Each structure stands twice: as C-alpha cells, then as structure tokens.
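Report on the structure given below.
The values are calculated or read from the model by the stated rules, or taken from the named source; none is laboratory data. Fair warning: this is a prediction, and the values are worked out from it, not measured in the lab. Here the Cβ positions follow ideal geometry from the backbone for every residue, glycine too, while neighbour counts run over all protein chains shown.
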Amino acid sequence: MKNSKMKIAACIFSVALLFGVIGGQSGNSNNFSVANATQATTTKQQAELSLEELKQKALQIIPGNIIKTKYDYDMMVGKIVEFKIIDKNGIQREIELVASNGKVWDIDYDYDAQGNRFINKDLFNVKFSFEQAQQIALTRVPGNVLAHKQDVERGKFVYEFMIQANSGGIFEVDVETETGTVIKVEREDDFDFYDYNLRPVSFSTPEVVNTVSTTNTTSQVSTTPAPSTNTPAPAPSYGSGQKSEAELRKIVLGQVPGTVLHFYQDWDDGMIEYKYIIKTSSGAIVEVEILESGYITDIDFEDDYYDWD
C-alpha cells in the first residue's frame, strides 16, 4: 500500500513537472511573439527614411531653400512628407515624397527656359508614351483632342486630355502612364485653354494694328512685335462658321483699337471663346471676349492687369 502511494505521488509529481515545462514553453512563446512584433515595428521604423534624407532628395529634384515641411498620410503608402521650396529662380514649388522610400508622390510644374510648363517624367515609372496614352483616351471617348496637359496622381505620371466627343460635348479623360489605365472620364461644361499645352502660334511678319490718335480722327497704322511663341493656338475646327484667330483679332481691334498684349481661349457654356487683353492708345487696358463665330460677348476695362508672359 505504501509503495502504491509512493507510485501515485511520483506520477502526480511527473504530471506537474510536465505541465510546468509546457506552461514555461508557452510563456516563452508569447514572449517571443511580443519580441518579434516589437522587432518588426522597430525594423519598419528603421526602414523609413529620416527627415534629413527626405530633405536632401527633395532638394536634388528642386534645388533651392525649404521654407515649410508638412506631414500627411495615405493608406496605400503610409506617411508622406510635403516640402515647400523657393527654387533658384525665386518661384515657390511643392513636392511630396513617400517617407518609406523617398519616391515622388506629387510635384507641381517646372518651367523651361521659354517659360513652358512641364513635369519631369524621369521621376516616375512611365511605360506608355504620349501617343499611346492619347490613343487609349480616344478609344474610351472617340472624338477630337482639343487640348492636353501633364499631371501627377498618387505617384503616377498622368496625361489629361480634353476631347470633343463624336457624340457631342467635351470630356476630360485622364490616362496614367504606368499601366495605361484610364483613371478619369468626366464631362466638362467649362475649362480654360490657357491651362493646357497646345501647339504654339508663330507669326512670320509683324502684326499690323489700328490705333486711334487723340488729336486726329484719322486712323494711323503702327506695328507691334509678334506674340511670344508659347501663346496658345486656336482650337481645331469642328463646327460651322468658325473664324480663324487672325479674323477674330481683326474684329476685336476694329471695336477696340490698340495693341494686343495677350490672348487665350476658354470653353464656356458649350462654346469656344477667345479673350483678348488690349492696351489702347490712351493707355487703358481692355479685355474683349469674342465667340469663334465672331460675335463679341463682352468688353471690360481692367483696373489690374497680370503680365501673362
């Protein structure tokens, strides 16, 4: 009997010892999991570039002086750091970098020596050319491309097209160039041609402008320099009764004689209209709006004038 009790006690001791070992291993396992999670978090934090590293990357792309730093977050890529920079030309620029890898998430326009706007495609993973992107847009909305511009959307280089649809109406179609995906199709009632890239207008001879003398009612003829080559071109012809830019300019100057300082195009209420900024012989600045048919819709004397060039 005594031996039986001893055997039972030994068994109980063995079971207790066994559960102690298992419990200890389980506890160690939990500790190991916590340690792994902590280590993973630390590794993730270490993988994120420092603010100084991100600043250096931003200044490599836009040389200048950083005047402001702002933090943002996107669920797809995590933390984003936005820098405002006064570039070497004194222009305020903005760039956003993904904190984990320093890739460009967004950037505003740069300017070439002629003052034309552009976005550096080399900063992005571009696999589709402009011609391919345009064909993709026209496949989605068949018609005539009136204007286009570059853009950036969530770290991807984008071409934005304004299309006069065969079915009627104007549509904005955006194509990102990494996968060739159409990311936006939207009907537009109003848009400003000045915001888009069009073929420049070139004049081979000086422009002739009628000016009115304050001392003599007889018209005098003078010449003014040709407009700069980055002046937007007239929109392509797609309707009846459309006049050329030269014809529209002549009509405008017949109503408001002077020197054309600038002109640009708008799409407003389903019609293309031109806006001319004119300096009269008396020094007044006048804005004249005219439809492509030649009908003048508005003549305004301007208190302030922005130098478009």
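Remarks
- Selected residue (criterion: surrounded by the fewest Cβ atoms within 10 Å (Cβ to Cβ)) from residues of segment 47-73 that are charged (D, E, K, R) and more than 22 Å from residue 109 (Cα to Cα): 52
Conditions tested, residue by residue: (1) within 23 Å of residue 177 (Cβ to Cβ); (2) touching a His at 6+ places or on another chain (Cβ under 8 Å); (3) modelled with pLDDT of 90 or more.
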{"site": "42", "(1), (2), (3)": "no, no, no"}
{"site": "45", "(1), (2), (3)": "no, no, no"}
{"site": "54", "(1), (2), (3)": "no, no, yes"}
{"site": "86", "(1), (2), (3)": "no, no, yes"}
{"site": "91", "(1), (2), (3)": "no, no, no"}
{"site": "111", "(1), (2), (3)": "yes, no, no"}
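- Subset of segment 153-181 (residues that are within 30 Å of residue 80 (Cα to Cα) and assigned to a loop (DSSP other than H, G, I, E, B)): 154, 155, 177, 178, 179, 180, 181
- Filter result for residue 265 (surrounded by 11 or more Cβ atoms within 10 Å (Cβ to Cβ), of a type in the set (S, T, N, Q), within 30 Å of the chain's Cα centre (by Cα) and modelled with pLDDT of 60 or more): yes
Yes or no, residue by residue, for (1) assigned by TED's automatic domain parsing to the domain that holds residue 156; (2) closer than 27 Å to residue 161 by Cβ; (3) polar (S, T, N, Q); (4) in contact with a helix residue (DSSP H, G or I) (Cβ under 9 Å, 6 or more places away or on another chain):
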position	(1), (2), (3), (4)
70	no, no, no, no
76	no, yes, no, no
84	no, no, no, no
90	no, no, no, no
95	no, yes, no, yes
120	no, yes, yes, yes
124	no, yes, no, no
136	yes, yes, no, no
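Residue-wise test of (1) touching a strand residue (DSSP E or B) at 6+ places or on another chain (Cβ under 7 Å); (2) surrounded by 15 or more Cβ atoms within 10 Å (Cβ to Cβ); (3) in contact (Cβ under 8 Å) with a residue 12 or more places away in the chain.
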{"residue": "113", "(1), (2), (3)": "no, no, no"}
{"residue": "119", "(1), (2), (3)": "yes, yes, yes"}
{"residue": "125", "(1), (2), (3)": "no, no, yes"}
{"residue": "163", "(1), (2), (3)": "yes, yes, yes"}
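- Condition check for residue 139 on (1) surrounded by fewer than 17 Cβ atoms within 10 Å (Cβ to Cβ); (2) over 17 Å from the mean Cα position of the chain (by Cα); (3) closer than 18 Å to residue 152 by Cβ; (4) not acidic (Asp, Glu): one failure, at (3).
- Failed item, numbered, when residue 289 is tested on (1) surrounded by fewer than 17 Cβ atoms within 10 Å (Cβ to Cβ); (2) modelled with pLDDT of 80 or more: (1)
- Residue match in segment 160-172 (condition: touching an Asp or Glu at 6+ places or on another chain (Cβ under 6 Å), of a type in the set (A, V, I, L, M) and either modelled with pLDDT under 90 or in the same structural domain as residue 244 (by TED's automatic domain parsing) (or both)): yes
- Positions within segment 111-134 being over 14 Å from residue 196 (Cα atoms) and either assigned to a loop (DSSP other than H, G, I, E, B) or of a type in the set (Asp, Glu) (or both), in sequence order: 112, 113, 114, 120, 122, 124, 125, 126, 127, 128, 129, 131
- Segment 74-88, subset more than 15 Å from residue 108 (Cα to Cα) and of a type outside the set (Gly, Ala, Ser), residue surrounded by the fewest Cβ atoms within 10 Å (Cβ to Cβ): 75
- Residue count for segment 131-143, restricted to those that are within 11 Å of residue 171 (Cβ to Cβ) and of a type outside the set (D, E, K, R): 5
- Taking segment 66-105 as the range and being part of a strand (DSSP E or B) and under 19 Å from residue 125 (Cβ atoms) as the test, the residues that pass are 74, 78, 80, 95, 96, 97, 98, 104, 105.
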